[in-house]
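Step one of this worksheet: look at the structure below.
Since every read-out is calculated from the coordinates, none of them should be taken as a lab result. Here the structure is a predicted model, which means the values were calculated and not measured. Ideal geometry is used to build each Cβ from the backbone, glycine not excepted, and the neighbour counts take in all protein chains shown.
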């Protein structure tokens, strides 16, 4: 009987920790975008502001074949702003074409944090770390003051400018950044014309006052008597002092940035770029 009991026990397989573990499935990334380019779940915009902004985002996305999205939420649900933005982008199918090129600005009102998630062309070419820092510097103060429509339109306009520049083959980066106060060409030309007219009038007015002055053939006519005396002088060489200093090459400086985009991996396993902060 003892031998039968041993045979019965040997037929029962051992239970391992792997058998008890509950498998976790990573959500599939949709082939098509599931939500619009503007999702205002926090209710920061009026209907008119939302419609105008959505049209702008769609126009930019189609023009450069690179999606630009904006999402507002009330809470990050325990995630970091970066992780929430990445997951929202991935699991809602954002991105243009086969490579899912695009970027998304996330705003969370509960934590008062923002994050930008870039992927594909936006990550590797159009929006470098320096570029994202520049863009956030343009809209962050508007977020802090509660001018949300202005902040979102500023973000969209900056994306338009950066994508336009990237299309030239020389994207904005550390040594090639846009000016903070761009002037429309019309006003630039207008200012030049006005400046020319003012200068022309001043010169013409001065020339009228000088009409009584006649040209003199001899230089003596311009000399005030007794005002000039000539003396002989000589220069003697005493010594020479040479000062040397080392000019450092900026490329060799450890403080200089190499530019480009940094990367991190989202929960989907995809490589994203981006930036984040508080407002």
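Miscellaneous remarks
- Cα-based shape type of segment 43-115, given that a ≥ b ≥ c are square roots of the gyration tensor eigenvalues and the cut on a/c is 1.5: oblate
- Length released on extending from residue 26 to residue 41, taking residue separation times 0.36 nm less the Cα-Cα span: 2.9 nm
- Model label sites at residue 147 and residue 179, defined 7 Å from Cα along the beta-carbon direction, differ in position by 2.1 nm.
- Full extension of the chain between residue 263 and residue 55 yields a length gain of 71.9 nm, computed as 0.36 nm times the residue separation minus the alpha carbon distance.
- With 0.36 nm allotted per residue and the present C-alpha distance subtracted, the residue 168-residue 111 stretch has 16.7 nm of extension available.
- Over segment 38-176: Kirkwood hydrodynamic radius from C-alpha pairwise inverse distances, Å: 15.0
- Considering only segment 38-176, percent of DSSP beta bridges that pair antiparallel, nearest 5: 45
- Each of the peptides 39-51, 113-125, 75-87, 160-172 was scored by the mean count of other Cβ atoms within 10 Å over its residues; in descending order, highest first, they stand as 113-125, 75-87, 160-172, 39-51.
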